[in-house]
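A.B. asks: Supplied in structure tokens, the structure appears directly below.
Only the coordinates and a few stated rules stand behind these numbers; no lab work does. Just so we're clear, the structure is a prediction, and the values are computed from it rather than from any experiment. Counting neighbours? That spans all protein chains shown, and the Cβs are built from the backbone with ideal geometry, glycine included.
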Amino acid sequence: MIEFYFDVISPYVWLASHQLKKIQNNLNLEIQYTPVLFAGLLDAHGNLGPAEIPAKRKYTVIDTMRWAKKYGLQYQGPPQHPFNPLKALRSCLYFENNEQRAKWLSLLLDACWSQGRDISQESTLLDLAKSLKIDGEQLLESISSPEIKNKLKQNTLQAVEHGVFGVPTFRVENQIFWGHDRLELLELHLQDKLDIDLKKCEEILQRPRAVDRKKI
């Protein structure tokens with residue numbers, strides 16, 4: 001099983017969602033869709049998000065456009081970015097069935113990144129729910145529940161414990177693969193074609209630091 005950690009705020013999650021099905025079909029594997037709060041991951045590891053670094057924010061838009069063109073996807077981007085993803089993320093937890101959650105996530109991501117819709121707004125969520133013949137009012141009511149709010153927090157904390165620091169991240173057999181452009185490596189790993197020496201990795205990590213960067 002692959003655990004797919006995602007936050008709808010990331011265009012790379014959108015790009016990954018369009019490639020995951022290919023791996024799933026090729027290898028006949030289950031994918032567990034796990035929403036996490038990207039901002040929570042950043043805080044836990046003391047990182048800045050791409051949108052908080054002007055040069056990286058610009059590059060991310062250009063990079064996303066390049067990948068979208070490569071994949072044959074229409075890229076529009078949300079009306080505001082970054083935006084508050086909490087309601088959209090919690091809405092994913094409304095669906096306990098993994099296949100239904102995957103379908104809903106795909107709808108959210110395409111609405112945001114392909115169609116340029118504001119998925120932080122309840123009106124958008126209601127409209128998307130209607131398109132799937134889902135009770136939108138019930139969905140909105142559920143995402144305000146303490147249970148779902150707490151579940152998203154727990155997902156994020158658990159992801160941090162597993163070493164997750166960004167999205168999209170794919171976890172399998174206690175190894176993580178970060179970024180939509182690591183899906184090729186993930187597939188090779190799942191086919192036992194990418195064996196690496198993890199003991200060697202640990203030995204390298206035990207080597208002393210020679211210098212630390214100082215703030216200018």
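A.B. asks: Got a sec? How would 170, 177 order by Cβ neighbour count within 10 Å, fewest to most? Please report the intermediate quantities before stating the final value.
C.D. replies: Working: 170 26, 177 19.
Taking fewest neighbouring Cβ atoms as first place, the list is 177, 170.
A.B. asks: If you count, for each residue, the other Cβ atoms within 10 Å and average over each peptide, how do 196-206, 157-167, 13-23 line up from highest to lowest? Don't skip to the answer; put the middle values down first.
C.D. replies: On the way: 196-206: 8.8, 157-167: 17.4, 13-23: 19.9.
Order by mean packing, descending: 13-23, 157-167, 196-206.
A.B. asks: Quick check of the Kirkwood formula: for the range 49-167, what is the inverse mean of 1/r over all pairs of different Cα atoms, in Å? Could the numbers behind the result be given before it?
C.D. replies: Numbers: mean 1/r = 0.0638 Å⁻¹.
That comes to 15.7 Å for the range 49-167.
A.B. asks: Can you give the angle from 0 to 90° between the axis of helix 146-161 and the longest principal axis of the chain, with both taken from C-alpha atoms, to the nearest 10?
C.D. replies: 20 degrees
A.B. asks: Next up: Might you report the magnitude of the Cβ-based charge dipole of the range 2-205 about its Cα centre, with Lys and Arg at +1 and Asp and Glu at -1, to the nearest 20 debye? Mind showing how you got there, number by number?
C.D. replies: Values: 23 positive and 26 negative charges, 130 e Å.
Dipole size: approximately 620 debye.
A.B. asks: Hey, what did the range 2-205 get for relative contact order, percent, Cα under 8 Å, at least 6 apart? Walk me through the intermediate numbers first.
C.D. replies: Details: 254 pairs, mean separation 61.9, N = 204.
Averaging sequence separation for qualifying contacts and normalising by length gives 30 percent for the range 2-205.
A.B. asks: Exposure proxy check: 119, 143 ranked by fewest other beta carbons within 10 Å?
C.D. replies: Listing 119, 143 from fewest to most nearby Cβ atoms yields 143, 119.
A.B. asks: Using the Karplus curve 6.51 cos²θ - 1.76 cosθ + 1.60 with θ = phi - 60°, work out ³J(HN,Hα) for each residue of the range 109-114 in order, rounded to whole Hz, and write x for Gly and Pro.
C.D. replies: 5, 5, 4, 6, 8, 8
A.B. asks: While we're on this one: Can you tell which of 16, 32, 139 lies farthest toward the positive end of the dipole of the chain, using +1 and -1 charges on the Cβ of basic and acidic side chains (Lys, Arg; Asp, Glu)?
C.D. replies: 16
A.B. asks: Using Cβ counts within 10 Å as a stand-in for footprinting exposure, how do 125, 93, 190 rank, fewest first?
C.D. replies: Details: 125 25, 93 21, 190 17.
Least to most surrounded, the residues fall as 190, 93, 125.
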